[in-house]
Amino acid sequence: MTSISPDRRTFADVDRAAADMQAAALDLLDRLAALPPIRRVRDVARAALDVRPGQRVLDAGCGAGEEARELARLVGPGGEVTGIDLSAGFIATAAERDDGGVRYAVGNIAELDFPDDGFDAVRSERVIQHVPDPDAAIAELVRVVRPGGRVCLVDTDWESFLTDGMPAELIEEMGVLGRKLGLLRPVGRLLRGQMLRAGLREITAEPVAITLTDRATVETVHPAFDPAVIRALDVVPGELADLWFAAFDAAIERGDFLGVITIWVVTGVKA
């Protein structure tokens with residue numbers, strides 16, 4: 001799984017970041033993987049991908065490799081799972097944690113080094129939000145799947161975020177800033193149309209609502225609530241940031257903070 005680093009805008013360049021930022025990005029991957037709502041999203045995606053024993057599967061943007069290892073268990077010794085990620089650091093970590101069940105390689109989902117029709121199934125989780133040309137990346141994923149094979153894409157609809165317990169004027173001000181910076185994009189809800197344009201059929205699109213109420217989950221899932229992320233971005237004026245986190249702290253203390261965000265699981269079959 002590829003997810004967000006402390007700066008989502010430069011996540012594709014995580015290997016160029018300072019060592020402490022790379023460590024923070026890996027820690028974030030681990031914290032996300034441990035969250036029950038993210039495990040629920042992955043359960044939905046795994047069921048939609050419908051992996052069978054003996055199949056060849058590609059996890060494009062595998063991060064630290066936890067889901068690739070789960071897929072390897074499903075395909076069994078007669079199958080094969082390949083995990084790729086743009087980050088050499090993530091790939092090294094994934095290989096260190098693996099028992100030999102997955103083949104790992106550094107790779108770009110927009111320029112896959114695999115032949116046409118080579119996989120029975122392909123998945124990519126929270127990667128499309130980071131690529132400059134989603135249509136081209138999805139076309140590449142479709143290219144390497146055999147006819148009749150399945151492609152499953154998972155991504156967040158950042159624009160879907162709703163909250164209660166925070167002052168409306170602060171939510172509006174932060175929303176205006178997020179839209180200006182291009183950080184509140186409806187990536188997940190666009191996947192179905194993109195997969196249609198890529199020629200996939202039998203497309204299913206399932207929204208999974210993630211409920212956020214405790215500090216650890218909120219800070220892990222949504223970067224706007226993590227002080228370290230806001231400091232790293234350095235785009236939120238200091239006074240606004242102070243008001244924002246004071247209001248968040250107060251809502252958590254009162255116990256009335258509620259956030260909801262939608263992650264979409266979209267699956268299609270190659271004609």
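Scanning for something aliphatic (A, V, I, L, M) and in contact with a Ser or Thr (Cβ under 6 Å, 6 or more places away or on another chain), does the range 147-165 turn up at least one residue?
Looking for residues that are aliphatic (A, V, I, L, M) and in contact with a Ser or Thr (Cβ under 6 Å, 6 or more places away or on another chain), one finds at least one in the range 147-165, hence yes.
Would you be able to say whether some residue in the range 186-209 is over 20 Å from Val151 (Cα atoms) and aliphatic (A, V, I, L, M)?
Checking the range 186-209: at least one residue is over 20 Å from Val151 (Cα atoms) and aliphatic (A, V, I, L, M).
Of the residues Ala228, Ala246, which is aliphatic (A, V, I, L, M), modelled with pLDDT under 95, at negative phi and open to solvent by 40 Å² or more (accessible area, probe 1.4 Å)?
Checking each option against the conditions leaves just Ala228.
For the structure I just gave you, tell me whether Ala60 is within 29 Å of Pro227 (Cβ to Cβ) and surrounded by 22 or more Cβ atoms within 10 Å (Cβ to Cβ).
So Ala60 does not fit the description; no.
Collect the residues in the range 127-147 that are outside any helix (DSSP H, G or I), in contact with a strand residue (DSSP E or B) (Cβ under 8 Å, 6 or more places away or on another chain) and open to solvent by less than 60 Å² (accessible area, probe 1.4 Å), keeping them in residue-number order.
Val127, Val144, Val145
Counting only residues that are under 22 Å from Val265 (Cα atoms) and part of a loop (DSSP other than H, G, I, E, B), how many does the range 87-111 have?
2
Results for (1) in contact with a Lys or Arg (Cβ under 8 Å, 6 or more places away or on another chain); (2) of a type in the set (Asp, Glu), shown as yes or no for each residue.
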{"site": "Leu212", "(1), (2)": "no, no"}
{"site": "Asp226", "(1), (2)": "no, yes"}
{"site": "Ala232", "(1), (2)": "no, no"}
{"site": "Glu239", "(1), (2)": "no, yes"}
{"site": "Ala247", "(1), (2)": "no, no"}
{"site": "Arg254", "(1), (2)": "no, no"}
{"site": "Thr262", "(1), (2)": "yes, no"}
{"site": "Ala271", "(1), (2)": "yes, no"}
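Of the residues that make up the range 150-164, is at least one more than 15 Å from Cys62 (Cβ to Cβ), touching a Pro at 6+ places or on another chain (Cβ under 7 Å), open to solvent by less than 10 Å² (accessible area, probe 1.4 Å) and touching a residue at least 24 places away in the same chain (Cβ under 8 Å)?
Checking the range 150-164: at least one residue is more than 15 Å from Cys62 (Cβ to Cβ), touching a Pro at 6+ places or on another chain (Cβ under 7 Å), open to solvent by less than 10 Å² (accessible area, probe 1.4 Å) and touching a residue at least 24 places away in the same chain (Cβ under 8 Å).
Among Gly178, Gly182, which is the only one that is modelled with pLDDT under 95 and exposed (fewer than 14 other Cβ atoms within 10 Å of the Cβ)?
Selected residue: Gly182, the only one of Gly178, Gly182 that is modelled with pLDDT under 95 and exposed (fewer than 14 other Cβ atoms within 10 Å of the Cβ).
From Thr204, Thr213, grab the single residue that is under 29 Å from Arg52 (Cα atoms), surrounded by fewer than 18 Cβ atoms within 10 Å (Cβ to Cβ) and β-branched (Val, Ile, Thr).
Thr204
Test Trp158 against the criterion of being closer than 18 Å to Leu28 by Cα and in a strand (DSSP E or B), and give yes or no.
For Trp158, the condition - closer than 18 Å to Leu28 by Cα and in a strand (DSSP E or B) - is met.
Let's see how each residue does on (1) under 21 Å from Pro207 (Cβ atoms); (2) of a type in the set (Lys, Arg); (3) surrounded by 23 or more Cβ atoms within 10 Å (Cβ to Cβ):
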position	(1), (2), (3)
Arg52	no, yes, no
Ala64	no, no, yes
Leu74	no, no, no
Gly78	no, no, no
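Might you let me know whether the range 130-143 holds any residue that is closer than 21 Å to Ala92 by Cβ, at pLDDT 95 or above and under 15 Å from the mean Cα position of the chain (by Cα)?
Looking through the range 130-143, none of the residues is closer than 21 Å to Ala92 by Cβ, at pLDDT 95 or above and under 15 Å from the mean Cα position of the chain (by Cα).
The values are calculated or read from the model by the stated rules, or taken from the named source; none is laboratory data. Everything quoted here is computed from the prediction, not taken from an experiment. Here Cβ is always computed from backbone atoms with ideal geometry, including for glycine, and neighbour counts include all displayed protein chains. For accessibility, only protein heavy atoms count, side chains too; no ligands or nucleic acids. Shrake-Rupley method; radii C 1.70, N 1.55, O 1.52, S 1.80 Å.
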